[in-house]
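Below you'll find the structure, written out as structure tokens, and then a few comments.
The values are calculated or read from the model by the stated rules, or taken from the named source; none is laboratory data. For clarity, every value in this text was computed on a predicted model and none was experimentally measured. Cβ placement follows ideal geometry from the backbone for every residue including glycine, while neighbour counts extend to all protein chains displayed.
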């Protein structure tokens, strides 16, 4: 399905690109299934105990800390699994941030984003199918299926402005972590660890505010199954993460990029002189 959509948009598909798109699809699906799935199925789980079914209830849910860790683990595991194939974006904001940081070509933005959104929607659909298998399930509350929101759909009742600031700032720092951890000068082979832990920390900070997006595909994948009121707020969770990511990309490239070697500087100078 993803390949048909990309082909329909006029993108020429080569085998390396197909492999990368499938990797992005699977990685984003896993992120939504693991992260949002843990929030929906395990965050507030309770169990009734007793030899004769007495009303003795244990709170066994993983709560905010467990959900935060689940999101971090999805990125860490899939970055190691397929990061060497596609770069391990799993997030349109990450793709935009890497483009702004001159680490990713503009021509691949659209196919990557399509793959990520389709993966997220499939992940959201799987969560819905599992959750609806429990008697009494209904899409109720402010954040069904771990949707993101502000105002009455914010877990803590935070305003649109607070949500906007949160998503821009959190995504900015997420991209700074990604760009730094994957810099050629950074220790090699360990990038998924700080990236996964960074995403965990971001969730620990911002779940009460927006239920944490920093990922437009993740927000879209579950909102489509949760109702029009949640779809109506999606614009913020596309705009804010992409703005934060693009700012981070430009800042990292301008401030922290590796200095040119003497030979590179000479080549640039000669090329400029030749043009003149």
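Matching residues to (1) exposed (fewer than 15 other Cβ atoms within 10 Å of the Cβ); (2) in a helix (DSSP H, G or I):
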| site | (1), (2) |
| --- | --- |
| 122 | no, yes |
| 140 | yes, no |
| 148 | no, no |
| 156 | yes, no |
| 165 | no, yes |
| 174 | no, yes |
| 186 | yes, no |
| 189 | yes, no |
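Considering only the stretch 61-118, state which residues are without any contact (Cβ under 8 Å) to a residue 40 or more places away in the chain, under 20 Å from residue 244 (Cα atoms) and outside any helix (DSSP H, G or I). Talk me through it step by step, then tell me what you get.
Going residue by residue through the stretch 61-118, those that are without any contact (Cβ under 8 Å) to a residue 40 or more places away in the chain are 61-63, 66, 70, 84, 95, 104-107, 109.
With under 20 Å from residue 244 (Cα atoms) added as a condition, the list becomes 95, 104-106, 109.
104, 105 - these are the residues of the stretch 61-118 that are without any contact (Cβ under 8 Å) to a residue 40 or more places away in the chain, under 20 Å from residue 244 (Cα atoms) and outside any helix (DSSP H, G or I).
Quick one: what pairs do we get from the stretch 17-30, first residue under 17 Å from residue 77 (Cα atoms), second part of a helix (DSSP H, G or I) and modelled with pLDDT under 95, C-beta under 8 Å, 6+ apart or different chains?
So the pair list comes out as 22/2; 25/2.
Any idea which of 43, 47 is modelled with pLDDT under 95, surrounded by 15 or more Cβ atoms within 10 Å (Cβ to Cβ) and outside any helix (DSSP H, G or I)?
The match here is 43.
Give the stretch 159-209 a look and list any residue that's more than 25 Å from residue 235 (Cα to Cα), touching a residue at least 40 places away in the same chain (Cβ under 8 Å) and touching a helix residue (DSSP H, G or I) at 6+ places or on another chain (Cβ under 9 Å), or say none.
179, 180, 182, 183, 191, 192, 193, 195, 196, 197
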